[in-house]
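Next up is a structure, given as structure tokens.
The values are calculated or read from the model by the stated rules, or taken from the named source; none is laboratory data. Source: prediction; values computed, not measured. Here the Cβ is made from the backbone with ideal geometry for all residues, glycine too, and neighbour counts use every protein chain on show. Remember, those area values only see protein heavy atoms, side chains included, never the ligands or the DNA or RNA. Shrake-Rupley method; radii C 1.70, N 1.55, O 1.52, S 1.80 Å.
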Amino acid sequence: MRELPITVTCDCGQVAYVRYGERWICPTCGKAWDTAQIPAEDYAELVASVRRYRLLALGPPLVLAAIMVPLAIFYGLQFGLLFFVLVFAYAVFVIPKVRERATASVRRSTRSWNLVPE
């Protein structure tokens, strides 16, 4: 999985998206911002929650597709329709709750990240 960009907003209003551990110098005012100030365990928790959300969002439909597509090909198109209905129901009823929990987790873990310019 790609690293998650960290949004750094300078005091002068300039915004940049920086990778974890990198240093960014504001082109407007010259202040330097170091994302290594963020505790590694907090960033690891953020990455794990995003990975978990992606797995929960994409995993079940992919497993269902691995089962239903061969059934639709070999036994009948009604399995293709059933696949569509099940994935739609998953997207409508399960994904919003998963997204809500993931968003709450991210908000809890990033609440205290206030970087100090160097």
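So what is the accessible area of region 1-93 per residue, in Å², with the probe set to 1.4 Å?
Normalised by residue count, the accessible surface of region 1-93 is 68 Å².
How much of the accessible area of region 26-86, probe 1.4 Å, is carbon plus sulfur, in whole percent?
C and S fraction of accessible area: 75 percent.
Something else now. All other residues with a Cβ under 12 Å from the Cβ of residue 95 taken together, and with Lys, Arg as +1 and Asp, Glu as -1, what is their net charge?
Surrounding charge for residue 95 is +3.
Still on this model: Between residue 97 and residue 37, take the C-beta separation as r, use R0 = 30 Å, and let me know the FRET efficiency to the nearest 0.05.
Computed FRET efficiency for residue 97 and residue 37 comes out at 0.35.
Related question: Say R0 is 25 Å: what FRET efficiency, to the nearest 0.05, do residue 48 and residue 19 get from their beta-carbon distance?
Approximately 0.90, to the nearest 0.05.
Okay, next question. How far, in nm, would the chain grow between residue 78 and residue 64 when pulled straight, counting 0.36 nm per residue and subtracting the alpha carbon separation?
Full extension of this stretch gives 3.6 nm more.
Mind listing which GluC sites (Glu not before Pro) in region 1-104 are in a DSSP loop and have 16 or fewer other Cβ atoms within 10 Å?
Loop-located and lightly packed - 3, 22.
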